[in-house]
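The values are calculated or read from the model by the stated rules, or taken from the named source; none is laboratory data. Only a predicted model underlies this, so the values are computations on that prediction, with no experimental measurement involved. Don't worry about glycine lacking a Cβ; one is built from the backbone with ideal geometry, like all the others, and counts go over all protein chains shown.
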Amino acid sequence: MGLHDRDYTQADSRRQYFGSSQMRFNLPQITPVVKWLLIINTAIFLVGGLVPQVGSFLLHWFSIDPRSWFTAIQPWRLVSYQFLHADLPHIVLNMLGLFFFGPTLEKHWGSRRFLLFYLGCGIVAGLSFLLLMAIGVVGAAPLLGASGAILGVLAACAILFPQFIVFLFIIPMPIRVLAVVMTLLYVVNIIAGGQNAGGDAAHLGGMAAGAAYILLLPKLERLKLRMHAQSWEKRMEESRKLRFEVDRILAKVHRFGLHSLTTREKRTLKKATQEEIRRQQL
């Protein structure tokens, strides 16, 4: 599976989308978080494969294991399972997906936000698996692999960068088509109770988390801006009322003297003085 970026102009974007001699294919430039995720995942897989005792230890303590409540509720497993893989095809496909899709998002968002998004999609994938297992949709078996996180990244790229073309083996297709096809395949496999239905449930959870984050983020940002605006207006109104009250108190002092102030009026003057000092320090 590969992802290739293409340049567009307004005049010939449609023609390039459907193919032309001007189409350019580029391998992604590796980014810091993607690089370290590739290194860590590969190193853990190699060590676990070369030293069976280590592999058994990692599987026992760091996969998501819903076969008992004791292991199912251990929170670190929601992160650690993402760095374990069952076999060579499993890790190769996941790391290829990370290599092709990850740098685009990391460059778009920055390393910190990308890492939190990546791990967050994996966590939601793990929780989805546990939920579906609890209600009997999928069977209880250990869950491991970065697929949920990778597919969350795929979903994000499909929404943010629909112009991308991906290759599923040797078949080129728009990234959104790939996302829809994979979703349908996962749904069918889960309903049919096919092989790795539990893993596919986690995949869908990761994809849903990635898509939900991208689609809901603008609304959340608008809500945050409105809340900040309301908070700012409230502070300005409080500041206006404070200035009005201070003017009244100072006028009273001018007419009747400082001894005429009540305890509440003295506290108001003290508060106004402290706020003025804070403003000057800023």
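Mind checking whether some residue in segment 66-73 is loosely packed, with under 13 Cβ neighbours inside 10 Å and aliphatic (A, V, I, L, M)? Yes: one or more hits.
Here is a yes/no grid of residues against (1) part of a helix (DSSP H, G or I); (2) modelled with pLDDT of 85 or more; (3) among the basic types (K, R):
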position: G148; (1), (2), (3): yes, yes, no
position: P162; (1), (2), (3): no, yes, no
position: G210; (1), (2), (3): yes, yes, no
position: L215; (1), (2), (3): yes, yes, no
position: L225; (1), (2), (3): yes, no, no
position: R235; (1), (2), (3): yes, no, yes
position: V253; (1), (2), (3): yes, no, no
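Taking the criterion of being assigned to a helix (DSSP H, G or I), within 25 Å of the chain's Cα centre (by Cα) and of a type in the set (F, W, Y), the only residue of segment 62-76 that qualifies is F62.
The condition (being modelled with pLDDT under 90 and among the hydrophobic types (A, V, I, L, M, F, W, C)) is satisfied by just one residue among A156, A201: A201. Residues that are part of a helix (DSSP H, G or I) and of a type in the set (A, V, I, L, M) were ranked within segment 262-282; the one that is nearest to S239 (Cα to Cα) is A272.
When L127, L116, L59 are screened for being modelled with pLDDT of 95 or more and surrounded by fewer than 21 Cβ atoms within 10 Å (Cβ to Cβ), only L116 passes.
Contact map, segment 248-262: residues that are in the same structural domain as A272 (by TED's automatic domain parsing) and without any contact (Cβ under 8 Å) to a residue 60 or more places away in the chain paired with residues that are assigned to a helix (DSSP H, G or I) and of a type in the set (S, T, Y), Cβ distance under 8 Å, separation 6+ or inter-chain. Pairs shown: I249/T268; K252/S260; V253/S260. Within segment 230-241, is even one residue over 30 Å from M133 (Cα atoms) and either in contact (Cβ under 8 Å) with a residue 12 or more places away in the chain or of a type in the set (S, T, Y) (or both)? Scanning segment 230-241, I find at least one residue that is over 30 Å from M133 (Cα atoms) and either in contact (Cβ under 8 Å) with a residue 12 or more places away in the chain or of a type in the set (S, T, Y) (or both), so the answer is yes. Check L105, L127 and return the single one that is within 30 Å of R67 (Cα to Cα) and part of a helix (DSSP H, G or I). Going through L105, L127 in turn, just one is within 30 Å of R67 (Cα to Cα) and part of a helix (DSSP H, G or I): L127.
Do the conditions hold for A158, that is, is it assigned by TED's automatic domain parsing to the domain that holds I73 and in contact with a Lys or Arg (Cβ under 8 Å, 6 or more places away or on another chain)? Considered against the rule, which asks whether it is assigned by TED's automatic domain parsing to the domain that holds I73 and in contact with a Lys or Arg (Cβ under 8 Å, 6 or more places away or on another chain), A158 comes out as yes.
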